[in-house]
Every structure is written in structure tokens, then in C-alpha cells.
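K.L.:
Quick one: this structure, given as C-alpha cells, is what I'll be asking you about.
The values are calculated or read from the model by the stated rules, or taken from the named source; none is laboratory data. Because the structure is predicted, anything quoted here is derived from the model rather than measured. Reconstructed Cβ throughout: ideal geometry from the backbone, glycine too, with neighbour counts over all protein chains shown. Heavy atoms of the whole protein, side chains included, go into the accessibility calculation; ligands, DNA and RNA do not. Shrake-Rupley method; radii C 1.70, N 1.55, O 1.52, S 1.80 Å.
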Amino acid sequence: MSHNPDPYYDRPEVSNSDLTALKEILHPRPITGDRERAFRFGTLVDALITEPGRVNFYRRTVDDVPYTDTEFDQGIEMRRALRAEARHDPFLARVLAECDTQRVSVNPDHRIQYCGFPFSLPTRCKWDWFFTRLHFGGDLKTTAAATQREFDQALDLFDWDRSRAWYMDCAGTDRDFIYAISKKNHRIFKKTITRGDDTYRRGREKYEELAFHWWCLNLTNTDRP
């Protein structure tokens with residue numbers, strides 16, 4: 001069975017997921033909930049909304065990975081909730097109608113500063129949605145948040161601010177957005193980000209520290225005989 005055969009995940013550039021893995025080594029903290037289950041379900045919802053070609057609706061699989069009827073039905077309901085929200089949110093309607101999905105950006109010389117020290121890394125990111133003509137994009141999330149306050153807390157807890165700043169700087173965009181669908185009540189949460197605002201600055205500070213540690217580790221490994 002294939003668990004997403006996309007060659008993007010074999011690329012050598014540094015991704016936001018790489019920074020997350022490094023953070024878990026440098027700053028370990030207790031893991032709450034079933035992360036593997038959450039990731040698996042997020043993959044289903046992402047595929048249903050942005051890559052339906054990966055989904056076998058008859059067999060209820062994504063990339064030949066089977067899902068239970070409960071999981072698949074919930075994913076369908078969350079997709080339906082997002083589409084219903086688009087009837088009241090003109091921007092979301094444009095996102096669903098106009099954006100390229102799963103668009104890859106690569107920056108071979110992503111220039112970064114940490115505490116005034118300049119360095120660079122080859123970086124990559126993969127957008128759930130991207131307005132090619134307008135040159136900006138955004139992200140789709142599933143969340144356990146049921147209220148706006150819980151969603152706002154999740155932005156920091158799960159480093160979604162870091163992710164968005166990383167994507168913006170990797171691709172050189174000035175705007176960004178997140179749409180998140182609640183797994184609890186199917187409520188849709190929205191966050192817009194502009195270069196220089198509080199969310200962007202907080203996220204950039206987070207990724208600069210981790211990127212510097214990544215650069216140091218890579219330099220150390222390169223210098224070994």
C-alpha cells in the first residue's frame with residue numbers, strides 16, 4: 001500500500017515539517033491526543049477537498065489506505081460544511097473556485113536572520129491553495145477547536161503562525177490565510193495574515209530560531225570527515 005506517493009516528500013530542501021521534527025527534539029513536551037490518528041484524518045479531509053483524484057469514493061480509501069465508514073462520513077460532512085460556508089463567504093468561494101491546489105514552492109536560497117546573524121537554507125513548501133495570478137495562498141486545517149477562542153489558542157499551540165510565515169517567506173508572498181474545519185461541530189474558522197502583522201512576526205521569530213539550529217546541525221555534519 002502507498003501512503004501518499006507524492007515525490008514532494010522525498011525532496012532535499014528544508015520544510016516546515018522538518019522544523020517541527022527538530023523542535024520536538026530541542027523543546028520536547030508531552031504529546032496530547034492521538035497525533036497519528038489526527039494526521040491520518042487530516043490527510044483524508046485534505047484529499048477530499050484539494051485532491052479528490054487521490055480518493056476512491058467506492059472503496060473509501062486515499063492512496064489505497066482504507067478509512068472506516070465513520071471517518072469517511074465525517075470527512076464528507078466537513079467538506080460539505082466548508083462548501084456551505086462558501087455561500088456566505090465570498091473570499092472562500094473564490095478560493096474553492098480559483099485556487100490551484102497542492103502547489104509546490106521551492107526557494108534554493110531562502111535568506112534568514114537569527115539574532116542578527118545572516119544565513120540561508122534551501123527550503124520548500126506545499127500549498128493547499130494558491131492564487132497563481134495574485135501570488136498568495138493559504139492552508140486548510142482540521143481542528144478539535146469548537147470555539148473561536150480555542151481556534152486562536154491552536155494557532156500558537158500547533159505553530160500554525162510559524163507555518164504561515166515560513167510559507168510566505170519561502171515563496172515571497174505578502175498575504176496568507178487559514179481555513180480550519182472543526183471536527184467537533186463542523187464550524188469553519190478563518191484567519192488572514194499580512195506580512196508584518198502580529199501573527200506573521202510571531203511565526204517568523206519561531207521559524208528563525210529553528211532554522212538557525214537546522215543550519216548549525218547541517219554545517220556540523222558537512223564538516224565531519
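K.L.:
Which angle from 0 to 90°, rounded to the nearest 10, does the C-alpha axis of helix 35-50 make with the longest principal axis of the chain?
P.N.:
It works out to around 70 degrees.
K.L.:
Shifting gears a bit: For the range 34-162, with equal point scatterers placed on the C-alpha atoms only and solvent neglected, what are the log10 I(q)/I(0) values from the Debye formula at q = 0.10, 0.16, 0.18, 0.22 1/Å, to two decimals?
P.N.:
Once normalised to I(0) and log-transformed, intensities are -0.42, -1.00, -1.19, -1.44.
K.L.:
Okay, next question. For the range 141-225, what proportion of DSSP beta bridges, expressed in % and rounded to the nearest 5, is antiparallel?
P.N.:
On the way: 7 of 10 bridges.
Roughly 70 percent of the beta bridges in the range 141-225 run antiparallel, per DSSP.
K.L.:
Which net charge results when you count Lys and Arg as +1 and Asp and Glu as -1 among the other residues whose beta-carbon is under 11 Å from that of residue 206?
P.N.:
0
K.L.:
Between residue 40 and residue 134, what is the spin-label point distance in nm, taking each point 7 Å from the Cα along the Cα→C-beta axis?
P.N.:
Calculated label separation equals 3.7 nm.
K.L.:
Follow-up. Calculate for the chain the 222 nm mean residue ellipticity that helices alone would give, adding -39,500 (n - 2.57) per DSSP H run of length 4 or more and normalising by residue count, nearest 500 deg cm²/dmol.
P.N.:
Dividing the helical sum by the residues of the chain leaves -14500 deg cm²/dmol.
K.L.:
Keeping to pairs on different chains or 8 or more places apart, tell me how many lysine pairs in the chain have Cα atoms under 19 Å apart.
P.N.:
Value for the chain: 9.
K.L.:
Would you mind getting the accessible area per residue of the chain, heavy atoms of the protein chains only, 1.4 Å probe, in Å²? Each step should come with its number before you reach the end.
P.N.:
Numbers: 12410 Å² over 225 residues.
Heavy-atom SASA per residue in the chain reads 55 Å².
K.L.:
Okay, moving on. Can you list the residues of the range 39-53 with backbone N under 14 Å from a point 7 Å past the Cα of residue 81, pointing along Cα to Cβ?
P.N.:
42, 45-46
K.L.:
Looking at the range 41-108, which chymotrypsin sites (Phe, Trp or Tyr not before Pro) are DSSP coil and have at most 14 other C-beta atoms within 10 Å of their C-beta?
P.N.:
Answer in residue order: 57, 58.
K.L.:
Turning to a different aspect of this structure: Longest span of the chain, sites excluded, free of trypsin sites (Lys or Arg not before Pro) in DSSP loop with at most 12 other C-beta atoms within 10 Å?
P.N.:
After excluding every exposed loop site, the longest remaining stretch is 1-58.
K.L.:
Related question: Full-extension gain between residue 10 and residue 174, please, as 0.36 nm times their residue separation minus the C-alpha to C-alpha distance.
P.N.:
Working: separation 164, 0.36 × 164 = 59.04 nm, distance 2.77 nm.
Once the chain is fully extended between residue 10 and residue 174, it gains 56.3 nm.
K.L.:
With labels modelled as points extended 7 Å from the Cα through the Cβ direction, what inter-label distance (nm, one decimal) is found for residue 111 paired with residue 91?
P.N.:
3.0 nm
K.L.:
Using only the Cα atoms, what convex hull volume per residue in Å³ does the range 40-115 have?
P.N.:
Convex hull of Cα atoms, per residue: 169 Å³.
K.L.:
Debye calculation, C-alpha points only, no solvent: report log10 I(q)/I(0) for the chain at q = 0.07, 0.08, 0.15, 0.18 Å⁻¹, in the same order as the q values.
P.N.:
Listed by q, the Debye log ratios stand at -0.23, -0.30, -1.09, -1.53.
K.L.:
Can you pull the percent of the chain's accessible area that's carbon plus sulfur, 1.4 Å probe, other chains left in place?
P.N.:
Ligands and nucleic acids excluded, carbon and sulfur reach 51 percent.
K.L.:
For the range 106-164, what is the relative contact order in percent, using Cα pairs closer than 8 Å and at least 6 residues apart in sequence? Can you show the working numbers first?
P.N.:
On the way: 48 pairs, mean separation 11.0, N = 59.
Computed value for the range 106-164: 19 percent relative contact order.
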